[in-house]
1. Name the residues in region 356-390 that are more than 21 Å from I455 (Cβ to Cβ) and of a type in the set (S, T, Y), would you?
2. Could you list, in sequence order, all residues of region 1-31 that are assigned to a strand (DSSP E or B) and under 22 Å from W121 (Cβ atoms)?
3. Mind listing just one residue for me: the one in region 193-228 that is β-branched (V, I, T) and in contact (Cβ under 8 Å) with a residue 60 or more places away in the chain and, of those, nearest to D146 (Cα to Cα)?
4. Considering only region 552-560, I want to know if a residue exists there that is within 20 Å of V713 (Cβ to Cβ), aromatic (F, W, Y) and assigned by TED's automatic domain parsing to the domain that holds E517.
5. Any idea how many residues of region 244-270 are out of contact with any strand residue (DSSP E or B) (no Cβ under 9 Å at 6 or more places or on another chain) and under 29 Å from R32 (Cβ atoms)?
6. Checking D24 against (1) surrounded by fewer than 16 Cβ atoms within 10 Å (Cβ to Cβ); (2) in contact with an Asp or Glu (Cβ under 7 Å, 6 or more places away or on another chain): exactly one of these is not met. Which one?
7. When both residues are 6+ apart or on different chains and their Cβ atoms are under 8 Å apart, which pairs have a first residue that lies in region 535-563 and is closer than 25 Å to D672 by Cα and of a type in the set (D, E), and a second that is assigned to a loop (DSSP other than H, G, I, E, B) and at pLDDT 95 or above?
8. Just for region 570-600: of the residues that are assigned to a loop (DSSP other than H, G, I, E, B) and touching a strand residue (DSSP E or B) at 6+ places or on another chain (Cβ under 9 Å), which one is nearest to A664 (Cα to Cα)?
Amino acid sequence: MKKIRLILGIHNHQPVGNFDFVLDKAYQNAYRPFLDLLRDFPGVRVGMHTSGILYEWLDKQYPEYSIQLRTLTDRGQIELIGGGFYEPILPIIPHRDQVGQIQRLQKYLLQRYEQATQGMWLAERVWEPHLPSVLNQVGVRYVILDDTHFLHAGLSADDLSGYYITEDQGATLALFPISQQLRYLIPFEAPEKTIDYLRDLAEKNENAVAVFADDGEKFGIWPDTFLHVYENGWLQRFFEALEANRDWIEVCHFSDVLRSVPPKGKIYLPTASYSEMLHWALPLSGYRNYELFQSKLKEEQIAESFNAFVRGGFWRNFFSKYAESNRMHKKMLRVSARLAKVAEAIPKDDKVKQSLLESAQNHLWASQCNCPYWHGVFGGIYLNNIRFAVYRHMLNAEVLTDQLDAYTQGQPYRLDETDFDANGKNEILFESPKLNAYLDPHHGATLFEIDYKEIPMHVTDILTRREEGYHHQLAEASITEPSEKNTESDDSIASIHDRVLSKEPDLHRHLIYDQYERRSFRDHVLTDNCDLEAWQNQTYSVYADLADASYDVERKEYERYVEITCLRETELKMTPMRIEKKYKIFSDDPRIEVHYRWHNKGKTEVEAKFGTEINLTLLAGQAEDRFYAVGGRKWPDGAMQSSGTFAGIRSLNMIDGWQNLNIALAWSEAADVWRYPIETVSLSEEGFERVYQGSCIFVHWPMWVKPNDQWNVSIVLHFSRDTRKFFQS
């Protein structure tokens with residue numbers, strides 16, 4: 001019987017901002033029982049990567065886990081694998097942050113476990129060809145990638161029974177291919193199927209090496225896996241099968257193979273990730289065509305022969321697929337660049353400033369956690385708590401940078417006109433110690449980011465409701481709990497990639513797609529028959545092309561505030577009109593004023609319904625401590641997830657008792673206000689789910705403008721921490 005080397009790799013990670021109860025469940029159902037069982041099988045060796053985020057949480061909450069992990073590393077059973085401390089997609093962050101993140105985890109593992117790492121886990125296995133230069137610089141000898149990376153480079157499955165060498169600018173790196181077949185077998189099929197697959201691989205290849213490396217959450221967190229892996233004993237039987245076949249299966253570490261097995265050759269890989277990720281990165285039409293093509297290949301029974309030539313998109317296209325991801329990324333780059341510039345001027349012996357710098361750096365790196373920058377079968381960008389945490393870290397880094405920056409001390413604000421989102425057009429960025437307001441004159445003169453920095457919080461961080469390539473599957477989604485529907489044997493269960501489940505019935509009724517991106521102060525002149533239902537369901541129509549129009553801009557800077565006047569010529573009911581939209585944004589008080597002036601340049605009177613939408617989030621739609629208030633009192637049925645009309649009011653408050661946040665809105669003329677929740681429908685590990693993103697407030701007035709006359713109205717948006725009176729009985 002020919003022998004084979006088997007490498008087992010486990011990747012454990014939880015996003016920045018995930019809830020403690022989620023992490024606790026992951027510990028109880030996956031991380032702890034896996035180590036407990038592994039301890040009883042000393043012949044089974046495992047390479048283990050854990051993100052720094054998770055290490056820190058485990059050290060604090062369950063120090064006994066670290067003790068057990070140290071025991072297993074000391075006896076050589078576990079080889080620790082490095083990576084970016086906060087699990088970033090490495091190619092999309094600046095080089096200085098790439099190096100810093102990798103070195104921070106290396107330092108932590110060396111101090112905590114006295115093990116110098118040789119390898120690295122690339123977050124989401126996102127590969128770009130320049131990475132060897134970066135990784136060689138920080139002493140990384142190998143990385144682990146999917147076999148699809150190698151197949152796309154022209155290799156065949158038979159070529160992947162070992163590792164390869166690649167290089168960039170002469171800097172070399174070993175590349176281990178992860179077997180997709182093993183990823184699909186472990187732990188979903190009977191252990192014997194894995195043994196049979198390894199036996200077949202060994203017979204076909206001399207000196208064969210097989211690699212399994214995947215999420216540790218597959219062993220207890222993914223649906224049905226705790227029952228399957230531990231209670232029904234799959235993992236124990238798998239380890240027993242490995243030990244029973246140890247005469248020809250050598251379970252070893254990556255570093256063992258590097259020492260004892262020569263590389264199979266040199267290879268240069270294209271940009272890639274695992275096949276599912278490349279599918280998710282495609283735009284809507286490409287997403288569906290990819291599925292159709294894959295189905296066609298299977299129907300023709302040629303998928304196995306030609307799948308190597310079928311690939312999806314490029315990871316970075318999540319920035320074009322989701323504008324919110326792009327803006328988050330560009331904000332991170334802006335903060336990183338400014339922090340790096342400020343750091344250059346800080347003396348090495350200034351311990352106070354160096355401490356602030358280190359704190360700012362860690363906040364920045366935490367904001368580079370990959371999870372909210374993309375979306376697939378995992379919630380990703382759709383999870384508002386994850387985006388909230390990433391933005392909070394980003395803003396904390398910015399606040400600390402303000403404190404370190406001698407130039408800004410004593411300066412009331414910064415005003416910058418730049419192509420913030422890298423779309424070829426400039427935006428106007430106002431930044432002060434208390435408030436950020438980012439204005440886009442080319443898309444309705446809207447505010448796409450408002451940061452209240454005393455918390456700090458990006459209060460307009462709301463995801464646009466858009467069609468996803470998988471939404472058509474809702475019609476076939478089952479409401480049955482996974483554990484109830486599983487009728488297969490104890491040795492076989494379905495992967496999350498094969499399940500179509502829904503967490504509540506009739507979710508298809510919530511599939512509403514927005515006409516425009518969710519921003520604030522997006523203006524509309526609605527047709528006469530538009531009502532709340534049409535507005536909420538996005539079936540409304542308008543008279544004037546304001547919502548996404550380009551405006552001419554004039555800027556004036558004063559000591560305490562900046563004034564940005566946006567001007568546009570338009571036509572309303574066949575009458576030439578001119579709209580002037582003037583922002584006043586204050587530095588010493590977190591306040592934004594918006595002054596509208598309509599000029600009728602025609603010969604007939606114009607009557608219309610004019611309003612502006614303001615999209616804000618307090619994160620939770622049904623929390624008792626978050627609500628609307630009118631006239632200084634909590635509104636009955638005023639939960640953030642409620643919808644309805646406030647008739648003839650002059651002001652409105654959004655109250656957040658959790659963060660002690662009071663968002664006050666007021667306007668110069670009594671208005672009717674429509675409100676409704678913005679809820680998305682997206683995929684997660686547990687099936688389709690509805691996620692509250694934020695609330696839309698549409699303030700509107702009847703507008704009459706005589707020929708050669710004007711109509712004026714103003715809105716004030718103000719932030720404070722004064723919420724006490726709203727919670728007094």
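The values are calculated or read from the model by the stated rules, or taken from the named source; none is laboratory data. Here the structure is a predicted model, which is why all the values come from computation and not from measurement. Because the Cβ atoms are built from the backbone with ideal geometry, glycine has one as well, and the counts that use them run over all protein chains shown.
1. If the condition is that a residue be more than 21 Å from I455 (Cβ to Cβ) and of a type in the set (S, T, Y), then Y373, Y382 are the ones that fit.
2. If the condition is that a residue be assigned to a strand (DSSP E or B) and under 22 Å from W121 (Cβ atoms), then R5, L6, I7, L8, G9, I10, H11, N12 are the ones that fit.
3. Taking region 193-228 and keeping what is β-branched (V, I, T), we get 194-195, 209, 211, 221, 225.
This time we only want the ones that are in contact (Cβ under 8 Å) with a residue 60 or more places away in the chain, so: 209, 211, 221, 225.
Working: V209: 14, V211: 9, I221: 22, T225: 23 Å.
If we take residues in region 193-228 being β-branched (V, I, T) and in contact (Cβ under 8 Å) with a residue 60 or more places away in the chain, then V211 is nearest to D146 (Cα to Cα).
4. no
5. As a first pass, look at region 244-270 and keep what is out of contact with any strand residue (DSSP E or B) (no Cβ under 9 Å at 6 or more places or on another chain): 244-247, 259, 262.
The next check asks that each one be under 29 Å from R32 (Cβ atoms); those that pass are 244-246.
Residues meeting the conditions: 3.
6. (2)
7. The qualifying pairs are D548/H443; D548/G444; D548/Y516.
8. P590
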